[in-house]
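A.B. asks: Okay, here's the structure, questions in a sec.
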């Protein structure tokens, strides 16, 4: 017991710091993803032909390439001297796209999540029965009002369940940022392991931390879903 | 002579290759209850949907309460606010209580204050006998109750005319009566109504005029007396015979 307490005392400051980074990174990236994903979904479902093409292009490009490639592109690719020169020529300050590690991490995870969130929102928007829009228009609501007052409130309720998956994924995916030396939970873990050669203790332990976070999120989102539940408003899952 | 609330001239409508309305002329005067009957897929619903431009006509002109719906720069939302519509599958807004369903038109389209809209909505729910269900969500109502709320939602806009698109076709037989009762009450209050239905009892009892449509054309029109007991066209006779056999005479 005493030994365990000593070990815990030794790793906690660093691990705690890493945990805060991981949680912040998850929340921030999810928020960026939301700000990108929701408008993109609206463009895809209700936009003009060009908006649809643009939105589809973004989603396909992001979902079709590895997250690591995107992370490297944003951190190393954008810092390329040729790009820097181009930006300077355009009148932007020197090193405009040479990003801090943590900024690159937020951007890469956020842009990536945006594409997936766009798909969740699109699914929810398209799950709303067409009759809802028709009835809204028949009442005299214009298209924008119908989307705002009738479609979106329903879609947001339907999206809670798939969206909570995205939250759980995000917490785990943030661990890739150790590769550009961001000291998140996993980054700190690696540092501790390389100092103490204790991977057989650390890896299960850190795995447990991720697991607990994910379980807490799943539980919390379940509560949120219940809170906003409206009788008769759900995607019926047919069991055969 | 009463001026027509709805006037339709030379209406044509196709979906792709399929021409569903082949040149229809029609006038409906204030307070008239017009029932439209005919086999499925003969353009009855499309005719209703052209009146408030849920479907846009290919050719022809439509006037509602003196405004030409089909004119290039019509404010269609203004016209839709004057035309109530009731759908076969109700289409109540799933995330709103009965009260909110009825309130949203007056408050968002007409800009009525929350309190005013609320009062009006309660009045309209009272009119269809559902004020005690004001706080229920559509998912908690029976089919008949849903349709009555949908009627209240349309009435809250004080429409000049009400369009009913097979309002009882999705209902269990024992729930049809309560919806027809509400519609009969509206007719007695001299609401102008266009009703697509298979309820021959309702047609006989309430309508001033029946229109028999087939294959995108009006085959025959007349009073219930004329159509039921003395139809001019053989097709009308056949159809009425079949439909009475299927649905019975009582609404």
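A.B. asks: Return only the number of the condition from (1) under 30 Å from residue A:157 (Cα atoms); (2) in contact with a helix residue (DSSP H, G or I) (Cβ under 9 Å, 6 or more places away or on another chain) that residue B:36 does not satisfy.
C.D. replies: In the conditions (1) under 30 Å from residue A:157 (Cα atoms); (2) in contact with a helix residue (DSSP H, G or I) (Cβ under 9 Å, 6 or more places away or on another chain), residue B:36 misses (1) alone.
A.B. asks: What is the one condition in (1) within 14 Å of another protein chain (Cβ to nearest Cβ); (2) surrounded by 16 or more Cβ atoms within 10 Å (Cβ to Cβ); (3) farther than 25 Å from residue B:112 by Cβ; (4) within 16 Å of the chain's Cα centre (by Cα) that residue B:143 does not satisfy?
C.D. replies: With (1) within 14 Å of another protein chain (Cβ to nearest Cβ); (2) surrounded by 16 or more Cβ atoms within 10 Å (Cβ to Cβ); (3) farther than 25 Å from residue B:112 by Cβ; (4) within 16 Å of the chain's Cα centre (by Cα) applied to residue B:143, the lone miss is (4).
To keep it simple, each residue is scored yes or no on (1) within 14 Å of chain B (Cβ to nearest Cβ); (2) within 30 Å of residue B:136 (Cα to Cα); (3) surrounded by 13 or more Cβ atoms within 10 Å (Cβ to Cβ).
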site	(1), (2), (3)
A:174	no, no, yes
A:178	no, no, yes
A:182	no, no, yes
A:197	no, no, no
A:201	no, no, yes
A:205	no, no, yes
A:222	no, yes, yes
A:226	no, yes, no
A:229	yes, yes, no
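A.B. asks: Could you please find all residues in segment A:1-16 being surrounded by 13 or more Cβ atoms within 10 Å (Cβ to Cβ) and closer than 21 Å to residue A:169 by Cα?
C.D. replies: Quick first cut of segment A:1-16, residues surrounded by 13 or more Cβ atoms within 10 Å (Cβ to Cβ) only: A:7, A:10-11, A:14-15.
Once the filter is applied, which keeps residues that are surrounded by 13 or more Cβ atoms within 10 Å (Cβ to Cβ) and closer than 21 Å to residue A:169 by Cα, segment A:1-16 yields only A:15.
Results for (1) crowded, with 19+ Cβ neighbours inside 10 Å; (2) within 16 Å of residue B:196 (Cα to Cα); (3) more than 14 Å from chain A (Cβ to nearest Cβ), shown as yes or no for each residue.
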| site | (1), (2), (3) |
| --- | --- |
| B:6 | yes, yes, yes |
| B:11 | yes, no, yes |
| B:15 | no, no, yes |
| B:19 | no, no, yes |
| B:25 | no, no, yes |
| B:28 | yes, yes, yes |
| B:38 | yes, yes, yes |
| B:45 | yes, yes, no |
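A.B. asks: Another question about this same structure. Any chance you could count how many residues in segment B:201-211 are crowded, with 17+ Cβ neighbours inside 10 Å, farther than 13 Å from residue B:177 by Cα and in contact with a strand residue (DSSP E or B) (Cβ under 8 Å, 6 or more places away or on another chain)?
C.D. replies: Of the residues in that region, 6 qualify.
A.B. asks: Okay, moving on. Find the residue count for segment B:88-107, including only residues that are facing chain A (nearest Cβ under 10 Å), in contact with a helix residue (DSSP H, G or I) (Cβ under 6 Å, 6 or more places away or on another chain) and not in a loop (DSSP other than H, G, I, E, B).
C.D. replies: The total comes to 4.
A.B. asks: Residue B:178 versus (1) assigned to a loop (DSSP other than H, G, I, E, B); (2) surrounded by fewer than 24 Cβ atoms within 10 Å (Cβ to Cβ); (3) away from chain A (no Cβ under 14 Å): which is the lone unmet condition?
C.D. replies: (1)
A.B. asks: Select from segment A:120-136 the residues that are at the interface with chain B (Cβ under 7 Å from one of its Cβ atoms) and crowded, with 18+ Cβ neighbours inside 10 Å and list them in ascending order. Please lay out each step first, then the result.
C.D. replies: The first filter runs over segment A:120-136 and keeps only residues at the interface with chain B (Cβ under 7 Å from one of its Cβ atoms), leaving A:131-132, A:134-135.
A:132, A:135 - these are the residues of segment A:120-136 that are at the interface with chain B (Cβ under 7 Å from one of its Cβ atoms) and crowded, with 18+ Cβ neighbours inside 10 Å.
A.B. asks: Would you confirm whether or not segment B:108-126 contains a residue that is more than 13 Å from chain A (Cβ to nearest Cβ), buried (at least 23 other Cβ atoms within 10 Å of the Cβ) and in a loop (DSSP other than H, G, I, E, B)?
C.D. replies: Scanning segment B:108-126, I find no residue that is more than 13 Å from chain A (Cβ to nearest Cβ), buried (at least 23 other Cβ atoms within 10 Å of the Cβ) and in a loop (DSSP other than H, G, I, E, B), so the answer is no.
A.B. asks: Would you mind stating whether residue B:167 is surrounded by 18 or more Cβ atoms within 10 Å (Cβ to Cβ), out of contact with any strand residue (DSSP E or B) (no Cβ under 6 Å at 6 or more places or on another chain) and either within 13 Å of chain A (Cβ to nearest Cβ) or assigned to a loop (DSSP other than H, G, I, E, B) (or both)?
C.D. replies: Values: surrounded by 18 or more Cβ atoms within 10 Å (Cβ to Cβ): yes; out of contact with any strand residue (DSSP E or B) (no Cβ under 6 Å at 6 or more places or on another chain): no; either within 13 Å of chain A (Cβ to nearest Cβ) or assigned to a loop (DSSP other than H, G, I, E, B) (or both): yes.
Criteria not met by residue B:167.
A.B. asks: Quick one: how many residues across segment B:53-69 are part of a loop (DSSP other than H, G, I, E, B) and within 22 Å of residue B:196 (Cα to Cα)?
C.D. replies: If we filter segment B:53-69 for residues that are part of a loop (DSSP other than H, G, I, E, B), which is where we start, we get B:53-58, B:65-66, B:69.
Filter again for within 22 Å of residue B:196 (Cα to Cα), leaving B:53-58, B:65, B:69.
Here the count works out to 8.
A.B. asks: Now for a different question. Looking at A:160, A:147, which one is modelled with pLDDT under 95, within 14 Å of chain B (Cβ to nearest Cβ) and outside any loop (DSSP other than H, G, I, E, B)? Can you show your working first?
C.D. replies: Numbers: A:147 fails: modelled with pLDDT under 95.
Criteria check complete, one pass: A:160.
A.B. asks: Separate question: So for segment A:97-118 (the condition being assigned to a loop (DSSP other than H, G, I, E, B) and either within 14 Å of another protein chain (Cβ to nearest Cβ) or surrounded by 19 or more Cβ atoms within 10 Å (Cβ to Cβ) (or both)), does at least one residue qualify? Walk me through it before giving the result.
C.D. replies: Going residue by residue through segment A:97-118, those that are assigned to a loop (DSSP other than H, G, I, E, B) are A:97-100.
Going one step further and asking which of them are either within 14 Å of another protein chain (Cβ to nearest Cβ) or surrounded by 19 or more Cβ atoms within 10 Å (Cβ to Cβ) (or both), we end up with A:99.
Yes, segment A:97-118 contains at least one residue that is assigned to a loop (DSSP other than H, G, I, E, B) and either within 14 Å of another protein chain (Cβ to nearest Cβ) or surrounded by 19 or more Cβ atoms within 10 Å (Cβ to Cβ) (or both).
A.B. asks: Let me ask something else about it. Does residue B:129 satisfy being surrounded by fewer than 22 Cβ atoms within 10 Å (Cβ to Cβ), under 23 Å from residue B:190 (Cβ atoms) and more than 17 Å from the chain's Cα centre (by Cα)? Full working, then the answer.
C.D. replies: Details: surrounded by fewer than 22 Cβ atoms within 10 Å (Cβ to Cβ): yes; under 23 Å from residue B:190 (Cβ atoms): yes; more than 17 Å from the chain's Cα centre (by Cα): yes.
The answer is yes for residue B:129.
A.B. asks: Out of B:75, B:58, B:65, report the one residue that is more than 8 Å from chain A (Cβ to nearest Cβ), on the phi > 0 side of the Ramachandran plot and either in contact with a strand residue (DSSP E or B) (Cβ under 6 Å, 6 or more places away or on another chain) or modelled with pLDDT under 95 (or both).
C.D. replies: Answer to the selection: B:65.
The values are calculated or read from the model by the stated rules, or taken from the named source; none is laboratory data. Just so you know, these numbers come straight off a predicted model, no measurement behind them. Because the Cβ atoms are built from the backbone with ideal geometry, glycine has one as well, and the counts that use them run over all protein chains shown.
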